[in-house]
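One structure is given here, and the rest of the page talks about it.
The values are calculated or read from the model by the stated rules, or taken from the named source; none is laboratory data. Values in this document were obtained by computation on a predicted structure and should not be read as measured data. Positions of Cβ are backbone-derived with ideal geometry, glycine not excepted, and every protein chain shown enters the neighbour counts. Only protein heavy atoms, including side chains, enter the accessible area calculation; ligands, DNA and RNA are left aside. Shrake-Rupley method; radii C 1.70, N 1.55, O 1.52, S 1.80 Å.
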Amino acid sequence: MTSVSPGTEIAESALLGGRVRLRQPVSGYRAGMDAALLAAAVNAKPGDRVFEAGCGAGAVLTQVAARRQEILLTGLERDPAAAALARENAALNGFEGRMTVVTGDVAEGFRPLDLKPFDWAVSNPPFFDDAGALRAPAPGKRGAWMADDGLAAWSSLLLKATRENGKILMIHRADRLADILSTLGEKAGSFTILPIQPFADQPAKRVLVQAVRTGRAPLKLLPALTLHDRTGAKHTPEAEAILRGEAALAL
């Protein structure tokens, strides 16, 4: 979720090597690597329907739309201004025929949306549950950092938004992996986990978790993706290829 206050300065960024134009606030939460990794892992087939909980300005949806030409996308966003910006970004990239954004709250669940279950349900939920434990760096980041109803509410929505044998995909802090497995494991299985580490000699700080609704296959733990090396380059070749849209993540 991205909070956009009235009068917020908006600037345009280029994603996927310029294939996507994204208008987002200059200050506050700005989509970055997490959104790029989540979008790269949505291996949807032609005709699939993809749902994102907390779509913000549409960074994930627009990148998925650019990567996957014959799919339909629906985003849910609580903040009306951010939802409007996501719709603007859909039109800016020519995706308005395939990308829909609805305004609603994760806490209210999936039923009020009156939508059919999707083939994919994805999210980059807020990282923290306890507002007393962390002060967000800026007011505009609060909605992206604080899960007012906890991670369980996000997991519940993703489960209900996914058809049987559909896929759920989440990127989150690595130290919340046990919570993710617990909350999604109530109705999903066949977990595939990709650890994401800043450097090869450092612990993972993020995890990409894919689950299958009612899946029963054994859990798979993949080799870690390393984002940076010590050569002075900003990203490893693997991470740079993902950011430029030249590679995907096959979970």
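Starting from the Cα-Cα distance between A217 and A14, subtract it from 0.36 nm times their residue separation and give me the gain in nm to one decimal.
Value of the extension gain: 69.2 nm.
Just the number, please: carbon plus sulfur as a percent of the accessible area of the chain, 1.4 Å probe, no ligands or DNA/RNA counted.
52
What does the accessible area per residue of region 196-251 come to in Å², with a 1.4 Å probe and no ligands, DNA or RNA counted?
It amounts to 60 Å² per residue over region 196-251.
For the chain, give me the percentage of DSSP beta bridges that are antiparallel, rounded to the nearest 5 percent.
So the antiparallel bridges amount to about 45 percent of the total.
Pull out the extension gain between A178 and R244, defined as 0.36 nm times the separation in residues minus the alpha carbon to alpha carbon distance; nm, one decimal.
Taking A178 through R244 to full extension adds about 20.6 nm, to one decimal.
If you add up the charges near K45, with Lys and Arg at +1 and Asp and Glu at -1, over every other residue whose beta carbon is less than 14 angstrom from its beta carbon, what do you get?
+2
Ignoring ligands, DNA and RNA, how do D229, D201, D114 rank by accessible area with a 1.4 Å probe, largest first?
Heavy-atom accessible area, descending, gives D114, D201, D229.
Give me log10 I(q)/I(0) at q = 0.07, 0.12, 0.15, 0.17 Å⁻¹ for the chain, Debye formula, one equal scatterer per alpha-carbon, no solvent.
-0.21, -0.65, -1.07, -1.42
Over the heavy atoms of K160, what accessible area does a 1.4 Å probe trace out, to the nearest 10 Å²?
Estimated to the nearest 10 Å², K160 gives 110 Å².
Under a crude label model (7 Å from the Cα following the beta-carbon direction), how far is V26 from N43 in nanometres?
4.2
Treating the beta-carbon of each Lys and Arg as +1 and of each Asp and Glu as -1, no other charges, what is the dipole magnitude of the chain about its Cα centre, to the nearest 20 debye?
Numbers: 30 positive and 27 negative charges, 90 e Å.
Dipole magnitude for the chain comes out near 440 debye.
What percent do you get for the relative contact order of the chain when only Cα pairs under 8 Å and 6+ apart count?
Result for the chain is 19 percent.
Any chance you could get the radius of gyration and Dmax over the Cα atoms of region 24-116, in Å?
Calculated on Cα positions, Rg and Dmax stand at 12.5, 36 Å.
With a 1.4 Å probe and all protein chains in place, put V26, V50, V212 in order of accessible area, largest first.
V26, V212, V50
Provide the FRET efficiency to the nearest 0.05 for the H235-E186 pair, computing r from the beta carbons and using R0 = 41 Å.
That gives a FRET efficiency of 0.70.
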